[in-house]
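Every number in this text was worked out from the coordinates using simple rules, so none of it is lab data. Being a predicted model, the structure only gives us computed values, none of them experimental. Note that each Cβ is placed from the backbone with ideal geometry, even for glycine, and that neighbours are counted across all protein chains shown.
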Amino acid sequence: MDKQPNSATALDGLHVEEKDSPLKFPCVFPIKVLGRTRDGFAQAVSDVVVRHAPDFDPAALEMRSSKEGNWLSVTATINANSRAQLDALYRELVAHPMVKMVL
């Protein structure tokens, strides 16, 4: 008779997997930020990114407008050194009033 793992054992296995991040630091990490097309949006995103990744070159910011031109997608690719760095960057970007979404 095969022994089935009880639910507690299965959950413990999930918690272990969650702790093991697929990211290995340092790594190159793209962050996509979406907001309404308006003056200063790309600069605001760049300012936040540079605070958390001082080696980021704002000239490397990639921008793409939506088909109608109402939305702007900005991608900043950074050299991430830790999960804490990424978490802090995401928190500040999400809290910014011009930012609608961070991916």
Listed by chain and number, the residues whose amide H is under 5 Å from that of I78, excluding neighbours fewer than 5 places away on the same chain and using placed H, are F29, I31
Loop-resident trypsin sites (Lys or Arg not before Pro) in region 51-100 with no more than 12 other Cβ atoms inside 10 Å, DSSP not H/G/I/E/B, are K67
Rounded to the nearest 0.05, FRET efficiency between W71 and K24 (Cβ-Cβ, R0 35 Å) equals 0.60
